[in-house]
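Beneath this line is the structure, given in structure tokens, with notes to follow.
The values are calculated or read from the model by the stated rules, or taken from the named source; none is laboratory data. It should be emphasised that the depicted structure is a prediction, and the values quoted were computed from it without experimental measurement. Virtual Cβ from ideal backbone geometry, glycine too; neighbours counted across all protein chains shown. These area figures cover heavy atoms from the full protein model, side chains too; ligands, DNA and RNA do not enter into them. Shrake-Rupley method; radii C 1.70, N 1.55, O 1.52, S 1.80 Å.
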Amino acid sequence: MQLLEAFSTLFDLLTVVLGFSAIVVIHELGHFVAARWAGIRVLAFAVGFGPALISYRKGIGFRRGSSEDEYHERLGAKLSEHPDRDDHESVRAEVAKTLSPTEYRINALPLGGYVRMLGQEDLNPSAVSSATDSYQSVPVYKRMVVISAGVIFNIITAAIMFVLVFMAGLRVEPPMIGLVNAGSPAELAGLQTGDTILEIDGDTAQRFDDIALAVAMSDPDKSISMLVARPGEPEPFEVEVKPTVAPLTGLLEIGIGPARTLRVIDGGSEEALERFRSVLASEGLEGVEPGMTLATAQAAGEAPVEPIGFADMIPVFANAEASPVTLTFAADDGTSVTVEVAGQPEFDRGLFKLSEGYREFEHVGGLTPVMRVAPETSPAQGLEAGDVFARIDGTDFPSVPRGIYEIRGKRGKPLELRVLRGDDRTSTPLDVRVSRSGQVGFNVDHTGLVDTTLSATPRIFTSVFERAPTPTPADSIDFAPGSSVIEVAGSSVESLGDVRAALQQAIAEAPPGTTVEVEVTIAPFVSGDLDAVSYTQTLVIEPKAAARISALGWTPPFSSSLFEPTQTMLKASNPIEAVGMGLHETKRVLTSTYVTFLRLFQGTVKVEHLKGPVGIAHIGTIIADRGFDWLVFFFALISVNLAVINFLPLPIVDGGQFLMLLYEQIRGKPVPIAIQNGLTLLGLLMIGTVFLIVTFHDVKALLGL
């Protein structure tokens, strides 16, 4: 099965590489057709690079390898019959009627292609020719057409592919909000789960990707206007949202996620399915099989409901709170599985700033749980399910982000761990080795739902969209990492969920908008058989923190990522509409690509967000699994982007060549060869530098570094 998966991935990669090469060949075909129209002598039209495998030339026919030597031998024989050099041009023209100067060749390395014209070489501007059919001899406007033709062919090709895709139909995620992050610009603007975004700044949103792209490409100093349709509202309404740079991605975001269905993700090898079944079991869905659909949900004492999407499950668990909810999953063959799960107390989410960036984590008023190995899993290297990390490389009782950070800091090296196992308060030492991708071999979890063990209080960035550290109630007390909360306001607590409930009760009993002081009893961690001496401190909860804690509710105990995304068919009703949709998509991608470069200079898009050949190939193999329609759509996107990049005003690419032709048209003479050579070297240096940087980030992302 793994061998079949490897072959499948290899086939997808080969498909992407050949498809990308075909787009480059189409670009070169544009130059070729325009050159023939302009009367420029074309020496070669090649598919691929390197030595020729097979070639064809009018007057010679097909040949194994190149026919170049044979052509020059025949031409030389004809020219030798006319010793007067002034006759050579006329002889060449006469010979060309039966023996073409153009060789069509397929080369050994099928990566793109090229056109070689007499007097025009991108890497050698000094390779000029005075022949009457050379590149330099035709009028400037014709050369402008030749230079522009590759880009035009790519745009036309993309438009045709978009039309074909929209005629057949493309399955996409609708522009419906399935998740709104707490504290995000979307929440502050009043957007809700279930809302559908109809327009963004006047442009129609046809799929969820349109929202994400429009937000990422928006002006960082301005708000964006959204036309929103909401269930239960008779008319769409407008919402102004101010995107913020999210520390986790570095892009402008508003903090929303796509809608999810209630069909459990399916597919993959049997080994992958077994791993997924263990994940389902660890989240309370024991016995639920991949591919099943959640049919009904019933809270205790309530009538059963038939949810449509994952968003419909959120109010069910929010209303049930700690009471169990009975869920029935149905398979396509008619079988069903019923499970009973209780809601999970919602914790606050913040960011922990580390040297490598920001990591999200859960806490209650700054009280942060300790990282542990997820239960019901099969960890590696001597770890056991449920192990609590007492130390990782000198850090005692790390939180989840800190623990991951410490492990990844030891990529490819040995690492000493100490874990607490079961009720044993004596830590167990383990020597493990961290893989080059920064992994030890376990699923990450934390202790918040099972006990009150605390990690060190981090400096918390209380929202994914806030950069400034925010004080928390935990700042008002002192405790050592590994300590446990045993009482809150006189009530015993056994988990951070209990701590949350006790704090909410204390806040509810205090006058609204006041600072709340809560007595918290803490037991420091003591290993072995020694008794811990507990102590009591006062937890000071300011009004803003009190409001955040009070707003924490109950959520489904399983992640929405276990379910397939909601999809809809984006399809034209007739060919004319398909053409309109195709042209609209082509214009949108063109505009977005140019705006990307603008945002690079503004800093809201960074170089690491760009994709080079490695990144494009990786994304292509993923998209290939989504079906042929998405693969064609992907190639259309690549074709447009290739057109844009080629027409940037940079030396060596078509845009730079066009500017030099424009200079020649205005001044009446070409750019001096020395300057052209200098600009070519500069262009090579710029493109080479960007290529290396982008490829570095592509490989880094691919390896999970």
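Points worth noting:
- For segment 149-172, residues that are more than 15 Å from Thr586 (Cα to Cα), surrounded by 21 or more Cβ atoms within 10 Å (Cβ to Cβ) and not hydrophobic (A, V, I, L, M, F, W, C) total 1.
- Apart from one condition, Thr15 fits all of (1) part of a helix (DSSP H, G or I); (2) closer than 17 Å to Ser134 by Cβ; (3) touching a helix residue (DSSP H, G or I) at 6+ places or on another chain (Cβ under 8 Å); (4) modelled with pLDDT under 90; the exception is (2).
- Segment 361-373, subset in contact with a helix residue (DSSP H, G or I) (Cβ under 6 Å, 6 or more places away or on another chain) and assigned to a loop (DSSP other than H, G, I, E, B), residue nearest to Ile541 (Cα to Cα): Gly365
- Restricting segment 526-561 to residues that are surrounded by 13 or more Cβ atoms within 10 Å (Cβ to Cβ), among the hydroxyl-bearing types (Ser, Thr, Tyr) and assigned to a helix (DSSP H, G or I), the residue that is modelled with the highest pLDDT: Ser550
- Sole residue being surrounded by 16 or more Cβ atoms within 10 Å (Cβ to Cβ), of a type outside the set (A, V, I, L, M, F, W, C) and modelled with pLDDT of 85 or more, chosen from Thr395, Thr377: Thr395
- Ala546 meets the conditions (1) free of Cβ contacts under 8 Å to residues at least 24 places away in the same chain; (2) closer than 29 Å to Ile256 by Cα in every case but one. The failed one is (1).
- Residue list for segment 35-52, restricted to those being within 12 Å of Val138 (Cα to Cα) and of a type in the set (Gly, Ala, Ser): Ala35, Ala38, Gly39
- Of all residues in segment 70-90, those that are at pLDDT 70 or above have Cβ atoms under 7 Å from Cβ atoms of residues that are in a helix (DSSP H, G or I) and of a type outside the set (Ser, Thr, Tyr), 6 or more apart or on another chain, in Leu75/Val95; Lys78/Val91; Lys78/Val95.
For every residue, the table says whether it meets (1) at pLDDT below 85; (2) of a type in the set (D, E, K, R); (3) surrounded by 15 or more Cβ atoms within 10 Å (Cβ to Cβ).
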| site | (1), (2), (3) |
| --- | --- |
| Thr593 | yes, no, yes |
| Ile622 | yes, no, no |
| Gln657 | no, no, yes |
| Ile673 | yes, no, no |
| Asp698 | yes, yes, yes |
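- Residue within segment 417-427 that is part of a loop (DSSP other than H, G, I, E, B), within 30 Å of Thr555 (Cβ to Cβ), open to solvent by 10 Å² or more (accessible area, probe 1.4 Å) and in contact (Cβ under 8 Å) with a residue 40 or more places away in the chain present: no
- In summary, no strands (runs of 3 or more DSSP E) completely within segment 243-311 bear 1 or more residues that are modelled with pLDDT under 80.
- Enumeration of residues in segment 136-148 that are among the hydroxyl-bearing types (Ser, Thr, Tyr), open to solvent by less than 60 Å² (accessible area, probe 1.4 Å) and within 43 Å of the chain's Cα centre (by Cα): Ser148
- Here Ala108, Ala131, Ala96 are screened, and the one residue that is surrounded by fewer than 17 Cβ atoms within 10 Å (Cβ to Cβ), in contact with a Pro (Cβ under 9 Å, 6 or more places away or on another chain) and within 19 Å of Leu43 (Cα to Cα) is Ala108.
- Any hit, segment 637-649, residues being under 30 Å from Asp266 (Cα atoms) and either over 28 Å from the mean Cα position of the chain (by Cα) or assigned to a helix (DSSP H, G or I) (or both): yes
- For Leu179, the stated conditions hold: it is touching a strand residue (DSSP E or B) at 6+ places or on another chain (Cβ under 9 Å) and assigned to a strand (DSSP E or B).
- If you go through segment 211-250 and keep only what is in contact (Cβ under 8 Å) with a residue 60 or more places away in the chain, under 17 Å from Ser592 (Cα atoms) and open to solvent by less than 50 Å² (accessible area, probe 1.4 Å), you end up with Ala216, Met217, Pro220.
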